[in-house]
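The next block holds one structure in the form of structure tokens; read it before the comments.
The values are calculated or read from the model by the stated rules, or taken from the named source; none is laboratory data. Model, not experiment: these values are computed from the prediction. Positions of Cβ are generated from backbone atoms using ideal geometry, with glycine treated the same way; all protein chains shown enter the neighbour counts.
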Amino acid sequence: MSACDTCIVRNRSICAALDGEEIKALSMIGRRRDLAAGESLMWEGEDSVLVANVIDGVLKLSTGTEDGREQIVGVVYPSDFIGRPFGSTSGHGVTALTDARVCVFARRDFDAFAREHPALEHKLLERTLAELDRTRSWMLLLGRKSAGEKLATFLLEMSERLVQPGCHDSPDLPLRQFALPFSRQQVADVLGLTIETVSRQFTRLKADGIIDLPSRREVTILDREALQAEAG
């Protein structure tokens, strides 16, 4: 068996557009790479030499300001595609928030493969349009929502992407527990808030019985409808 045959995200990633023979051909130009939390895969402004599928873990997309501060501009999860195919430079840095595993391709090899396989190019277009929709939603979150609405929206998105199968309780009380890959300061940076505001909102949501916080990073959603109402 090749690594592609046992890949846990094959049916959810861009590779889902390919048949068995095409998958075999793609596997010939790719390799798996493990990243430790904090390790970078791509750097902002540098030549775009790699693209990758995320197999496991969570990574951040970030850009730097002129005074040296970091702004997290996106988060990628298992089955997401990262990098800039058909582009010359990387628009942002990519760094692992947790231990992660990715399937890496040299960009030039991937570009040539994609040109020969229209189904893959179509899948890339679908992913690009979906990313554009998420970016527009994120602009609404940052520009118009209150601090409480921002955090509630953020937690709902995290729960959809990070919750593991089997974490649900009865249908009447759908508990969702997950570990945030962010520190409180990183949550604040992502949402454009101060760490004090983020901490107050976490405390308020817990006091209202909407979430529980078993540890500094763990979150359990106790009342999803109430959290959705908080998100506006």
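Go through Arg115, Arg101, Arg134, Arg127 for me and flag whichever is under 14 Å from Ala52 (Cα atoms) and in a helix (DSSP H, G or I).
Matching residue, one of Arg115, Arg101, Arg134, Arg127: Arg127.
Return yes or no: is Val104 under 30 Å from Leu140 (Cα atoms) and surrounded by 16 or more Cβ atoms within 10 Å (Cβ to Cβ)?
Values: under 30 Å from Leu140 (Cα atoms): no; surrounded by 16 or more Cβ atoms within 10 Å (Cβ to Cβ): yes.
Taking the combined requirement at face value, the residue does not satisfy it.
Run Leu41 past the list (1) over 21 Å from Ile14 (Cβ atoms); (2) at pLDDT 90 or above; (3) touching a strand residue (DSSP E or B) at 6+ places or on another chain (Cβ under 6 Å) and report the number of the one that doesn't hold.
Failed condition: (1).
Condition first: among the acidic types (Asp, Glu) and either at pLDDT 85 or above or farther than 13 Å from Leu97 by Cβ (or both). Now tell me which residues in segment 172-192 satisfy that.
Asp172
Identify, by number, the condition in (1) in contact (Cβ under 8 Å) with a residue 40 or more places away in the chain; (2) assigned to a helix (DSSP H, G or I); (3) under 18 Å from Ala231 (Cβ atoms) that Leu193 doesn't meet.
Unmet for Leu193, out of (1) in contact (Cβ under 8 Å) with a residue 40 or more places away in the chain; (2) assigned to a helix (DSSP H, G or I); (3) under 18 Å from Ala231 (Cβ atoms): (2).
Quick one: which of Val54, Val49, Val58 is under 24 Å from Arg115 (Cβ atoms), in contact with a Pro (Cβ under 6 Å, 6 or more places away or on another chain) and not assigned by TED's automatic domain parsing to the domain that holds Ser159?
Of Val54, Val49, Val58, the one residue that is under 24 Å from Arg115 (Cβ atoms), in contact with a Pro (Cβ under 6 Å, 6 or more places away or on another chain) and not assigned by TED's automatic domain parsing to the domain that holds Ser159 is Val54.
If you take the residues of segment 97-116 that are under 18 Å from the mean Cα position of the chain (by Cα) and charged (D, E, K, R), which of them is nearest to Glu46 (Cα to Cα)? So that I can check it myself, show each step before the final result.
Just the residues of segment 97-116 that are under 18 Å from the mean Cα position of the chain (by Cα), to begin with: 97-104.
Retained after the next criterion (residues that are charged (D, E, K, R)): 99, 101.
Numbers: Asp99: 23, Arg101: 22 Å.
Top of the filtered list is Arg101.
What are the pairs with Cβ atoms under 9 angstrom where one residue, in segment 102-127, is not assigned by TED's automatic domain parsing to the domain that holds Lys60 and the other, located anywhere, is assigned to a loop (DSSP other than H, G, I, E, B) and surrounded by 14 or more Cβ atoms within 10 Å (Cβ to Cβ)? Sequence gap at least six, or different chains.
none
If a residue counts only when it is free of Cβ contacts under 8 Å to residues at least 60 places away in the same chain and under 18 Å from the mean Cα position of the chain (by Cα), which strands (runs of 3 or more DSSP E) contained entirely in segment 1-96 have at least 1 such residues? Outline the logic, then answer.
On the way: elements: 30-35, 40-42, 50-56, 59-64, 70-76, 81-83, 93-96.
Once the strands (runs of 3 or more DSSP E) in segment 1-96 are filtered for at least 1 residues that are free of Cβ contacts under 8 Å to residues at least 60 places away in the same chain and under 18 Å from the mean Cα position of the chain (by Cα), what remains is 40-42, 50-56, 59-64, 70-76, 81-83, 93-96.
Determine, yes or no, whether Thr153 is modelled with pLDDT of 85 or more, of a type outside the set (A, V, I, L, M) and assigned to a loop (DSSP other than H, G, I, E, B).
In short, no.
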